[in-house]
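The values are calculated or read from the model by the stated rules, or taken from the named source; none is laboratory data. Just so it is clear, the structure is predicted and the values come from calculations on it, not from any experiment. FYI the Cβ positions are ideal-geometry reconstructions off the backbone, even for glycines, and counts take in every protein chain you see. Heavy atoms of the whole protein, side chains included, go into the accessibility calculation; ligands, DNA and RNA do not. Shrake-Rupley method; radii C 1.70, N 1.55, O 1.52, S 1.80 Å.
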Amino acid sequence: MDTNPLDNASPGHGPVVALFVTCLADLLRPSVAFNSIKLLEQTGCRVVVPLQQTCCGQPAYNSGDYESIIPLAKQLIAALEPADYVVIPSGSCAGMICHHYPQLLDGDWRDRALQVAAKTFEITSFLSDILPIKRGHRAAIKLPSVTYHDSCAGLRELGIKEQPRQLLQELCDTELSELPQTEVCCGFGGTFCAKMPEISAKMVHDKVHSAQTTGATILAGGDLGCLLNIAGRARREGVDLEVRHITELLCGDLDGPAIGEGE
Amino acid sequence: MEQHSDTFLENASKALGNKAQADIRDLLGLFTPLLRNAAVDNFEHFEALRHHVKRVRQHSLDNLDHYLATYEQQALKNGNRVHFANSGDDLNSIVLDICQQHNAQRIAKGKSMITEETGLNDFLQRANLDVMETDLGEYIIQQAGETPSHIVGPALHKSADEVRQLFLQKHDLGERELDNTEDIVGEARQILREHFLKAQVGIIGANALVAEDGYSMLVTNEGNGDLCANLPPVLIICTSVERILPRAEDATAMLRLLVRSATGQSQTCYTSFYSGPRREQDVDGPLETHIVLLDNRRTEILASDYREMLQCIRCGACLNHCPIYNSVGGHAYGSVYMGPMGSVLTPLLSSLEESNALPNACTSCGRCAEVCPAEIPLPDLLRDLRHQETVEKITAPRWRIGLKLHTWLARNPRLYHWLTGVGIHLLHLAGRKRGSFRKLPLAGGWTSQRDFPTPQGKTFMQQYRAQRKQS
């Protein structure tokens, strides 16, 4: 049993950061979580991964099942609250915890949700605004040309726009070419893409082709939902586009296959 | 062809297949936000004014009974007749009665979403009245036998060439080319002018009702509203109860937001305040004026958790910025209101059962709320409607039960980690070579349009637990 949730923190004296891995990274792209730990440790944090975590409950919540996810929200709040900070490699899961948990809960639990919300950050925001990560004397990571997809929840719920771009500039040596209509949704929308696949396909088709017009080799983003959608569509259309989570770029972890690519 | 909200997905599918129409929508989706954003950026007080007007709107709605009574009193004092219509049918009957009292045959109509909502044109035409829409966009779709595809630009879905073909076919004016837009517009103007001069009743809408003086405000870009209001001897203003604002300055404050949000203009071409019938010293104006105030479930909405929807000023910015509206167009929604505002309003004005697809036509991207001048939390209201669908068991069982099961599993971390660990590892082994699946059981919605990327390896939790055991 995990008696003390902080037991598994990495050694040191820095603030304790609880990493909420997110279900998509846990299941489909563990490298996002490993790279997040690496980046956080570079800032001197002690990283802990609470073992009681699973999913933040967005699929049910966004589909309108508020009641079922209340116990799940409480379980996650209890798992995360002992840490000094909570960091999440996803804008939409961070938005869920920061904005939607407090709205869902009442009384004491609402206060606890607000306290957790106040110390919860999406990873690029944490590495820019809270404990800025510096390249120091290390050489910049050399990357091919990159375009960046702003995910809607990160952009509009958390105001994440400059942070990932600044980090790419600070840690990596690359040309960033912006997507046309970068603030338009890629059509993922959680269960939306499965409930209304044809409309979603039109949106993600547009996104894949916008990415092509930038001439960039890599499309990076901060949310796996969008990236799985974009990579999956690019694969289906036979479009050559390397889709990766921003944490992979910031760690120079480009050896393994990109999202949707074979070994 | 008439479309209904209960066949949203079929309507959308058809719309997506029409390449020419999709190209027009792509262009509009690109340009309308640019126009709005330029206008907002050039107006440094937008955010402050937006917040102020929202508070005024909320105050007006909180005290709707008071302001409606004041408005009615002032409007009566100005010589108007004021009617309250509980339902759309009531409004239609009131208008028909007025027309019949005056033996009116020809009606000149300005653009009004309320009369679209009540289906007034069809109703009057069934009583053999000659109703002509005089807003150019509305006139075009009336000639084409269509409904508006946009609340501000009803004929935005039509190309100039389609309008040309339509006019050549509908107007019996002999040989002509109509090969430029000036000529097309000129032809419509000529026909509409004749109608204005012969019309016995004018019908217009209102963008705001001012309680303190009983005036109504109307904005147009073509001046057709003023011709409808001033040339025929009888004027009927069809509007709804939530248009009310306390003071004239509130109406003009709202107007500053409305035009910038709607068309990116800083001022509409025509802004008019109508007080009532012609007074003794006036040289023109209608002899008799009626104001019909529609409720049609608005007071129910006011008492519900969706009351913020009544703050809507009908600018259309949420449509212009909605990636789903821009993908499928207005007709797919099968309602006079479309896009995010329509997806909230339509179920509230009709029934959630019938319109249950509309609140799901949303990725929660939040772009609508970002630009809404009335600060309506549209994605929240849409999600609340999905909540109501879940509670009322309107949501398809496979989604309702499937997601409940997923949430239940997520509440049992050990079981969740074990089960996902086994499943993900198998998926990884099956798909590692290709890197993605073209088909996957239980993910048909996803794989119908895109591949499913293969899991990278064992789950993070499996790997992490294994690492911890070693150390």
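Where q = 0.13, 0.15, 0.18 Å⁻¹, what log10 of I(q)/I(0) comes from the Debye formula for segment A:20-127, counting one point per Cα? Scattering profile of segment A:20-127, log10 relative to I(0): -0.44, -0.58, -0.84. Summarising the overall dimensions of segment A:190-234 from its C-alpha atoms, the Rg and Dmax are 10.7, 32 angstrom.
For every other residue with a beta carbon closer than 13 angstrom to the beta carbon of residue B:181, add +1 if it is Lys or Arg and -1 if Asp or Glu, then tell me the sum.
Surrounding charge for residue B:181 is -4.
The overall shape of chain A, judged from the alpha-carbon gyration tensor, is oblate: a/c is not under 1.5, and a/b is no greater than b/c. Would you list, by chain and number, the aspartates and glutamates whose Cα falls below 16 Å from the Cα of residue B:458, excluding same-chain residues fewer than 8 positions away? Here the aspartates and glutamates satisfying the reach criterion relative to residue B:458 are A:26, A:263.
Modelled this way, with points 7 Å down the Cα-to-C-beta line, the labels at residue A:118 and residue B:100 are 6.7 nm from one another. Once both labels are positioned 7 Å from their Cα atoms along Cα-to-Cβ, the gap between residue A:161 and residue B:269 label points is 3.4 nm.
Taking the Cα atoms of segment B:315-426, the ratio Rg/Rh between the radius of gyration and the Kirkwood radius comes to 1.11.
In µm²/s, what is D for chain B at 20 °C and 1.002 mPa s, where D = kT/(6 pi eta Rh) by Stokes-Einstein and Rh is the Kirkwood radius from Cα pairs? Reported coefficient: 87 µm²/s. Using a cut-off of 19 Å between Cα atoms, the listed pairs A:207/B:158; A:195/B:14; B:54/B:77; A:207/B:439; A:195/B:439; B:19/B:111 include A:207/B:158; B:54/B:77; A:207/B:439; B:19/B:111 as exceeding that distance. When B:314, B:411, B:55 are compared by accessible area of protein heavy atoms, the largest-first order is B:55, B:411, B:314, using a 1.4 Å probe. What translational D, rounded to a whole number of µm²/s, comes out for segment A:119-263 from Stokes-Einstein when the hydrodynamic radius is the Kirkwood one over Cα pairs, at 4 °C and 1.567 mPa s? Estimated via Stokes-Einstein, D reaches 83 µm²/s. Size of the protein assembly as shown: Rg and Dmax of its alpha carbons, in Å, are 28.6, 97. For segment B:70-211, the fraction of C-alpha pairs farther apart than 23 angstrom is 42 percent.
The Stokes-Einstein estimate for segment B:148-291, based on a Kirkwood radius over Cα pairs and taken at 37 °C with 0.692 mPa s viscosity, is a diffusion coefficient of 191 µm²/s. For chain B, what does -39500 (n - 2.57) per DSSP helix run (n ≥ 4), summed and divided by total residues, give at 222 nm, in deg cm²/dmol to the nearest 500? When only DSSP H runs of four or more count, the value is -16000 deg cm²/dmol. Extension gain, residue B:284 to residue B:434, is 46.2 nm, computed as 0.36 nm per intervening residue step minus the present C-alpha separation. Here the label points at residue B:41 and residue A:169, each 7 Å from Cα along the C-beta direction, are separated by 1.8 nm in the simple model. One equal scatterer on each Cα of segment B:260-303, no solvent, Debye formula: the resulting log10 I(q)/I(0) at q = 0.15, 0.18, 0.19 Å⁻¹ is -0.76, -0.85, -0.85.
Computed over every Cα-Cα pair of segment B:45-296 and binned at 10 Å starting from 0, the pair-distance distribution P(r) comes out as 7, 30, 36, 21, 6, 1 percent. Computed from the C-beta positions of residue A:139 and residue B:470 and an R0 of 41 Å, the FRET efficiency is 0.85 to the nearest 0.05. Taking all protein chains as they are arranged and a probe of 1.4 Å, the heavy atoms of residue B:47 leave approximately 100 Å² accessible to solvent.
With no solvent and one point on each alpha carbon, what is the Debye value of log10 I(q)/I(0) for segment A:95-169 at q = 0.11, 0.19, 0.26, 0.27 Å⁻¹? Scattering profile of segment A:95-169, log10 relative to I(0): -0.39, -0.85, -1.19, -1.23.
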